[in-house]
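What follows is calculated from the coordinates using simple rules that are stated; it is not laboratory data. None of these values were measured; they are calculated from a predicted model. Glycine also receives a Cβ, built like all others from the backbone with ideal geometry; neighbour counts cover every protein chain displayed.
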């Protein structure tokens, strides 16, 4: 009988796994997808919010594509239990799906600040397509939008909110914005930039209650200075969707603990993306990296192994990039490692900042910030990623970079980083292009 | 597959490749919009152009959340403008720093690269060779003075 693969979750990790199974398998398998939502890309929702793309553009696999890929689907249903002894997954409508191996890729959900009124009318999360529709329907030109939380998710939709003609106030409980993405210096530069672009920012500000007043929202702040908003968006973090696995017997730490083949403690159960606690490329310890690039790579590696290949994953690298009002902000790897040796530089005439972190003569993390219009900002972003990803020995270039933290390109080229990166592929072979039906057999 | 082979020792720093590239990619002579960039070495005593290697992994392509980067008929990783939403994940995923923004990347001009055509010294050729680190050895030689200053 053909192997039966079960993919639980239709997000980035799950869809990459399905595609890779079809690319790699040597015997045509049966693939079943269970997904609470139709497969779409979360990364694209900000562009749906600012109306630069139609809703149809967000979907990563339409019903037709899934049919072309020969995938049996259970859409609109949630997995509620996994029996790893019987190899059966139970869904919320009672359906039982048997499998030979399965991938857990159930992602995460938005969490709201635990204050009275947080679930009231006019208070939104921005995480799922449904929630994006809700926000889009509420924002009008001139609306006052208050964003609770100034993390990565909040920052992905700042441009969209402004381009809809809304007034924006950002409230962050931590002493700085983007607290898990950049340091104090970087956050200060971004905050000034936002204020210059008409965004009000309150840091170290704790929300205590939300009340409905004449169809608007009054936000009570612990230190006083209440805010009145038309729309409140709670971008106060995410929680991985793991509760349903309590009785599964799969080993869970911060996430499902996986090995270098993305296999959990149950040998025929894989995990990928936000729910997986896999190897961190820099520390080589296990960690949850709830970011899009990790979900992609996890999904592909898990898919290849499920298809019978032996593919080992080197580990994931934390990478984040946002662009706000034409300012690029990015960080990599161990950007906040307090024990690392560091160098940094700020340009006097514009918001441009580099922070580099070393272990020995290898770059282990970086923060980069600069106007998108600066010719080298975008290229430096990539080269910093390359230096961190390759772990190339910088030798005497380390001293040069400590004196000249903006001179990334010269160090990148002269240390032959290109040569050390070129042979590297995630699956041990050239990648295939999307857009074609991947059929190996 | 044919790729852009760079012969850095032949580059005079005339920047014609940047002009030709920007014109081909955007219809304007605007080096800031070129996806090949010439770098100076050793206080502008030598130069070398730098662009996409068309690497095997295609980090930009696999990172794209909407499948907007595909492989063209001539084997180049190519951005489909009507699919791209502008999220910049490709720019952070490409470890070579050869994703730009507007336009994003080298697509080998569909098989007739304008930079190679424009180069008066054949420092850029379009050849059927395996892609490689064309600049590493050259840059290592031409940066001794910069490194000596850092010490």
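Extents of chain A, largest first, come to 66, 65, 37 Å (Cα atoms, principal axes, whole angstrom). May I ask for the angle, rounded to the nearest 10°, between helix B:16-26 and the longest principal axis of chain B, with both axes built from Cα atoms and the value confined to 0 to 90°? Tilt of helix B:16-26: around 10 degrees. Take every Cα-Cα pair in chain B and report what % of them are more than 20 Å apart. Counting pairs separated by more than 20 Å, the tail of P(r) holds 49 percent.
Placing a pseudo-label 7 Å from each Cα along the Cα-to-Cβ vector at residue A:90 and residue A:326 gives an inter-label distance of 5.8 nm. Placing dummy labels 7 Å off each Cα toward the beta-carbon, the span from residue A:140 to residue B:32 is 3.9 nm. Students often get this wrong: which residues of region A:353-369 have the backbone nitrogen under 19 Å from the point 7 angstrom along Cα-to-C-beta of residue A:195? Within reach of a label on residue A:195: A:353. With R₀ fixed at 45 Å, the C-beta to C-beta distance from residue B:149 to residue A:28 puts the FRET efficiency at about 0.15. Partner shielding of B:53-65 amounts to 6, given as the average count of beta-carbon atoms from other chains within 10 Å of each residue beta-carbon.
Helical content alone sets the calculated 222 nm signal of chain A at -7000 deg cm²/dmol, taking -39,500 (n - 2.57) per DSSP H segment of four or more residues and averaging over every residue.
Can you bin region A:171-246 into rounded, prolate or oblate? Criterion: square roots of the alpha carbon gyration tensor eigenvalues sorted a ≥ b ≥ c, rounded for a/c under 1.5, prolate for a/b above b/c, oblate for the rest. In terms of gyration-tensor shape, oblate. Counting neighbouring beta carbons within 10 Å and listing from fewest to most, the residues A:124, A:5, A:57 come out as A:57, A:124, A:5.
Note on residue B:132/residue A:440: beta-carbon distance plugged into 1/(1 + (r/R0)^6) with R0 of 25 Å gives a FRET efficiency of 0.30. Restricting the calculation to Cα atoms, every distinct pair contributes to the Kirkwood radius of region A:123-236, found to be 14.2 Å. Expressed per residue, the C-alpha convex hull volume of region A:114-169 stands at 90 Å³. Only DSSP H runs of four or more residues enter the estimate; each adds -39500 (n - 2.57), and after division by the residues of chain B the mean residue ellipticity at 222 nm equals -6000 deg cm²/dmol.
Inter-label distance, residue A:402 to residue A:206: 4.1 nm, where each label sits 7 Å from its Cα along the C-beta direction. Between rounded, prolate and oblate, where does region A:269-327 land on the alpha carbon gyration tensor, with a ≥ b ≥ c its root eigenvalues, rounded for a/c under 1.5, else prolate if a/b exceeds b/c? Cα axes put region A:269-327 in the prolate bin. The mean sequence separation of alpha-carbon pairs under 8 Å and at least six residues apart, normalised by the residue count of chain A, gives a relative contact order of 16 percent. From least to most packed, judged by other beta carbons within 10 angstrom and beginning with the fewest, A:251, A:385, A:402 follow the order A:251, A:402, A:385.
So, R0 is 35 Å and r is the distance between the beta-carbons of residue A:226 and residue A:185; what FRET efficiency does that work out to, to 0.05? Numbers along the way, then the final one.
Values: r = 31 Å, r/R0 = 0.89.
E between residue A:226 and residue A:185, to the nearest 0.05, is 0.65.
Taking the three principal axes of the alpha carbon atoms in region A:222-283, the coordinate ranges are 54, 32, 20 Å, sorted in descending order.
Our note on the geometry: Cα centres of region A:207-229 and region B:1-72, 52 Å apart.
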